[in-house]
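Heads up, the thing below is written out as structure tokens.
The numbers here are math on the coordinates, done by the rules we state, and not lab data. Worth saying up front: this structure is predicted, and the values here are computed from it rather than measured. Heads up, the Cβs are rebuilt from the backbone with ideal geometry, glycines too, and the neighbour counts pull from every protein chain shown.
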Amino acid sequence: MDKRQVNKLTLFKLIRSRGPIGLIGILFTAISVLVIFPITISLSFMGESYERYDHDDIKENGVSATAEVKSISSMDNVSVNGRHPKVIAYAYGNEGEKKIDRFQTMDLDNLDAIEEESNISIKVLDGESTVTGLEPFRFPYFLFLILPLTFLIIGVVFLVIGVIPALKIYRLYKNGDINEAQITAMVPNSGLPITGIGRAVMVDYFYTDKNGNRIYGNSRTNDFSILGEKKVGDTVKIFVSPEDEKLSCLVPRAEAIRFNWV
């Protein structure tokens with residue numbers, strides 16, 4: 001069958017009718033993505049260029065050389081367990097020219113044996129270098145992502161709880177087969193105070209599938225007039241998924257009128 005006409009506002013109403021969880025999921029996910037994207041790009045440029053060296057690659061494929069230590073300075077604005085990383089500035093010959101490079105480390109015990117004006121062993125690869133015998137250190141800039149990633153995880157969980165079920169109903173509106181069901185119970189829910197978010201009537205019913213089997217289902221509706229027009233034992237129109245006949249929902253009267261569903 002051809003898809004029925006349904007607009008995106010209907011999807012938003014379905015999400016809203018299921019309570020605040022879906023809306024919170026959309027909000028948290030959207031904000032987190034908008035925050036994480038620029039932070040991720042910025043992280044690739046944060047810190048000094050020597051902090052972004054691939055030291056493992058340099059150690060494995062680099063050429064051994066000797067460098068002269070020019071200075072050893074402490075990064076007092078960074079502290080790890082009360083200790084400050086050190087930056088070694090050193091000079092070495094690179095393709096006939098003298099180059100100054102730097103190496104940042106928290107390997108302070110091994111660093112104590114190195115003094116200014118002394119020679120150290122390094123490895124060089126494509127203009128980048130690393131000091132052998134010392135472990136490199138880079139500030140964990142990824143910590144800036146912990147908070148937005150936490151919000152993203154919460155948002156995704158809320159999306160699964162609140163939005164996925166609404167999407168299933170939305171697809172039934174567009175593609176579901178029409179069937180009749182008999183009402184077994186109707187329970188109104190006034191929703192959250194003031195906002196009315198989640199306000200709906202839960203309708204329980206049963207219907208028969210194409211093989212004649214009885215299937216029990218339930219569906220939410222924002223149309224409270226059903227409480228006055230229908231009673232337990234009456235029949236209602238429902239949409240049933242052509243792929244899985246256990247999935248069903250009430251035919252929404254407002255949408256049926258608005259979009260002229262036949």
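In the chain, helices alone account for a calculated mean residue ellipticity at 222 nm of -10000 deg cm²/dmol, with every DSSP H run of four or more residues adding -39,500 (n - 2.57). To the nearest 0.05, how large is the calculated FRET efficiency for Val156 and Lys237 if R₀ is 35 Å and r is the Cβ-Cβ distance? After rounding, the FRET efficiency stands at 0.50.
If I take R0 = 22 Å and measure r between the Cβ atoms of Arg214 and Asn7 in this structure, what FRET efficiency does the formula 1/(1 + (r/R0)^6) give, to the nearest 0.05? Can you show the working numbers first?
Details: r = 34 Å, r/R0 = 1.56.
The computed FRET efficiency comes out at 0.05.
Here the label points at Arg83 and Thr40, each 7 Å from Cα along the C-beta direction, are separated by 3.4 nm in the simple model. Model label sites at Val187 and Leu149, defined 7 Å from Cα along the beta-carbon direction, differ in position by 4.0 nm.
Please identify the chymotrypsin sites (Phe, Trp or Tyr not before Pro) of the range 1-90 that satisfy two criteria: DSSP loop assignment and at most 10 other Cβ atoms within 10 Å. Which are they? Show your work: numbers first, answer last.
Numbers: sites: Phe12, Phe28, Phe45, Tyr50, Tyr53, Tyr90; in loops: Phe45, Tyr53.
Filter output for the range 1-90: Phe45.
Taking only complete DSSP H runs, can you tell me which helices of the chain stretch 18 Å or more along their own long axis by Cα positions and average at least 1.6 on the Kyte-Doolittle scale? Numbers along the way, then the final one.
Numbers: long enough: 20-43 (34 Å, 2.31); 146-175 (41 Å, 1.70).
Length and hydropathy pass: 20-43, 146-175.
Pairs of alpha-carbon atoms within less than 8 angstrom and 6+ residues apart define the contacts here; what relative contact order does the chain have, in percent? That works out to 22 percent. On the basis of the beta-carbon distance and an R0 of 45 Å, Leu167 and Glu48 show a calculated FRET efficiency of 0.45.
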